[in-house]
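Novice: Right, I'll just put the structure down here and ask away after.
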Amino acid sequence: MVAMGRGSLTGALSGLAKACHPGPTVAVTALVTALAVAAGHDTAGSVLVAAAILTGQLSVGWCNDAVDAPRDTAAARAEKPIVAGQVGVKTVYVSAISAFAICVPVSFASGLLAGAVHLVAVAGAWAYNLRLKATLLSWVPYVVGFGSLPVFVATGLPGRPWPAWWAVVAAAALGLGAHLANVLPDIGQDIAVGVRGWPQRLGPSRVRALIPLPLLGASALLVFAPPGPPSAVVWGGLAAVSAFGLAGTALGGLSAKIPFAAAIACAAVDVGLLLASGIGVGV
């Protein structure tokens, strides 16, 4: 039997797969690719969008685990592949840089403006990993990164159109909610190892109360801002986000996992609303 240690290629690949944060990487890549298709990208354009987002997300995920390795080790986070010895920190760093190097030309393949927009978002995410996550500006890369996604998709189309303002603001609000929800379960560990970003300084109770607000705001924009009357399905989406948000806030004191799960549910509905509404190209 082949050992699954650090010296094993299979073990290293498995560790790299875990270190890239596969859930968010796959989810964001799938969302933006679906937005590209809905916005009118042809097959080749949609593939380029998917490749740019995937390589960008891989670089960010690997950068995150490599930078956090000392803190994760101090906190004995055995679920982290570097801490568990599945893959070395140098390998993860090299993978992050390599993915970013591929991301640059692939992003510009959608056009100079679209490529620049996407690379600013990826650079912001790297800045979050390297420094901003421990400051009051920890929310900025999430807001800029998510808000840039409709811009990247739209400006990659022929004629370089601009997305509707409400699509950009809704995506940015979704990013703010994602930041709060993502940090909430780990606030205690973060503070113990010296990470004091905006959510950590607010504290768990305030973060729980704040999480639904940007998600509800995104939902309201996607329901009321696009032209034409909202459909019954869209109204149902708004009701669902409201219900999930209230449940997460009301039951959040029982476990940090409850508001996190509620936020994931809200975000999933918001993504559906965004896909249903489109990004307002030409609006």
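The values are calculated or read from the model by the stated rules, or taken from the named source; none is laboratory data. Everything numeric in this text was worked out from a predicted model, so none of it was measured. All Cβ positions, glycine included, derive from the backbone under ideal geometry; neighbour counts span all protein chains shown.
Novice: With touching a residue at least 12 places away in the same chain (Cβ under 8 Å) and surrounded by fewer than 19 Cβ atoms within 10 Å (Cβ to Cβ) as the only criterion, which of ALA123, ALA99, ALA75 stands out?
Specialist: The conditions single out ALA75.
Novice: For the condition part of a loop (DSSP other than H, G, I, E, B), over 20 Å from the mean Cα position of the chain (by Cα) and over 18 Å from TRP165 (Cα atoms), what is the one hit in GLY280, GLY228, GLY194?
Specialist: GLY194
Novice: Could you please find all residues in region 241-257 being surrounded by 13 or more Cβ atoms within 10 Å (Cβ to Cβ), more than 18 Å from LEU174 (Cβ to Cβ) and either in contact with a Leu (Cβ under 8 Å, 6 or more places away or on another chain) or without any contact (Cβ under 8 Å) to a residue 24 or more places away in the chain (or both)?
Specialist: Once the filter is applied, which keeps residues that are surrounded by 13 or more Cβ atoms within 10 Å (Cβ to Cβ), more than 18 Å from LEU174 (Cβ to Cβ) and either in contact with a Leu (Cβ under 8 Å, 6 or more places away or on another chain) or without any contact (Cβ under 8 Å) to a residue 24 or more places away in the chain (or both), region 241-257 yields ALA247, ALA250, LEU251, ALA256.
Novice: LEU221 fails exactly one of the following numbered conditions: (1) of a type in the set (A, V, I, L, M); (2) over 15 Å from the mean Cα position of the chain (by Cα); (3) surrounded by fewer than 22 Cβ atoms within 10 Å (Cβ to Cβ); (4) in a helix (DSSP H, G or I). What is the number of that condition?
Specialist: If we test LEU221 against (1) of a type in the set (A, V, I, L, M); (2) over 15 Å from the mean Cα position of the chain (by Cα); (3) surrounded by fewer than 22 Cβ atoms within 10 Å (Cβ to Cβ); (4) in a helix (DSSP H, G or I), just (3) comes out false.
Novice: Ok, one more. Being in contact with a Leu (Cβ under 9 Å, 6 or more places away or on another chain), surrounded by 23 or more Cβ atoms within 10 Å (Cβ to Cβ) and in contact (Cβ under 8 Å) with a residue 12 or more places away in the chain: is that true of PRO204 here?
Specialist: Considered against the rule, which asks whether it is in contact with a Leu (Cβ under 9 Å, 6 or more places away or on another chain), surrounded by 23 or more Cβ atoms within 10 Å (Cβ to Cβ) and in contact (Cβ under 8 Å) with a residue 12 or more places away in the chain, PRO204 comes out as no.
Novice: OK, next. If you take the residues of region 17-37 that are farther than 16 Å from PRO158 by Cβ and small (Gly, Ala, Ser), which of them is nearest to the chain's Cα centre (by Cα)?
Specialist: My answer is ALA27.
Novice: Right, here's the next one. Look through region 54-103, keep the residues that are part of a helix (DSSP H, G or I) and either acidic (Asp, Glu) or touching a strand residue (DSSP E or B) at 6+ places or on another chain (Cβ under 9 Å) (or both), and return whichever of them is farthest from PHE152 (Cα to Cα).
Specialist: Step by step, filter region 54-103, then rank; the result is ASP72.
Novice: Kindly indicate the residue of region 142-162 that is outside any helix (DSSP H, G or I) and in contact with a Leu (Cβ under 9 Å, 6 or more places away or on another chain) and also modelled with the lowest pLDDT among those meeting that condition.
Specialist: ARG160
Novice: Scanning region 59-114 for residues that are in contact with a Lys or Arg (Cβ under 9 Å, 6 or more places away or on another chain) and among the basic types (Lys, Arg), which turns out nearest to GLY45 (Cα to Cα)?
Specialist: Filtering first and then ranking leaves LYS80.
Novice: Within region 43-57, track down each residue that is β-branched (Val, Ile, Thr) and either buried (at least 22 other Cβ atoms within 10 Å of the Cβ) or in contact (Cβ under 8 Å) with a residue 12 or more places away in the chain (or both).
Specialist: VAL49, ILE53, THR55
Novice: Something else now. Kindly provide the set of residues from region 164-178 that are within 12 Å of SER277 (Cβ to Cβ) and surrounded by fewer than 24 Cβ atoms within 10 Å (Cβ to Cβ), ordered by number.
Specialist: Across region 164-178, the qualifying residues are ALA164, TRP166.
Novice: Given GLY111, GLY88, which one is in contact with a Gly (Cβ under 6 Å, 6 or more places away or on another chain) and under 28 Å from ALA52 (Cβ atoms)?
Specialist: Going through GLY111, GLY88 in turn, just one is in contact with a Gly (Cβ under 6 Å, 6 or more places away or on another chain) and under 28 Å from ALA52 (Cβ atoms): GLY111.
Novice: Moving on. Only one residue in SER46, SER59 is at pLDDT 95 or above, hydroxyl-bearing (Ser, Thr, Tyr) and under 29 Å from PRO199 (Cα atoms). Which one?
Specialist: Of SER46, SER59, the one residue that is at pLDDT 95 or above, hydroxyl-bearing (Ser, Thr, Tyr) and under 29 Å from PRO199 (Cα atoms) is SER59.
Novice: Name the single residue that is nearest to HIS41 (Cα to Cα) among those in region 129-141 being touching a residue at least 24 places away in the same chain (Cβ under 8 Å) and not in a loop (DSSP other than H, G, I, E, B).
Specialist: For region 129-141, the residue satisfying everything is ASN129.
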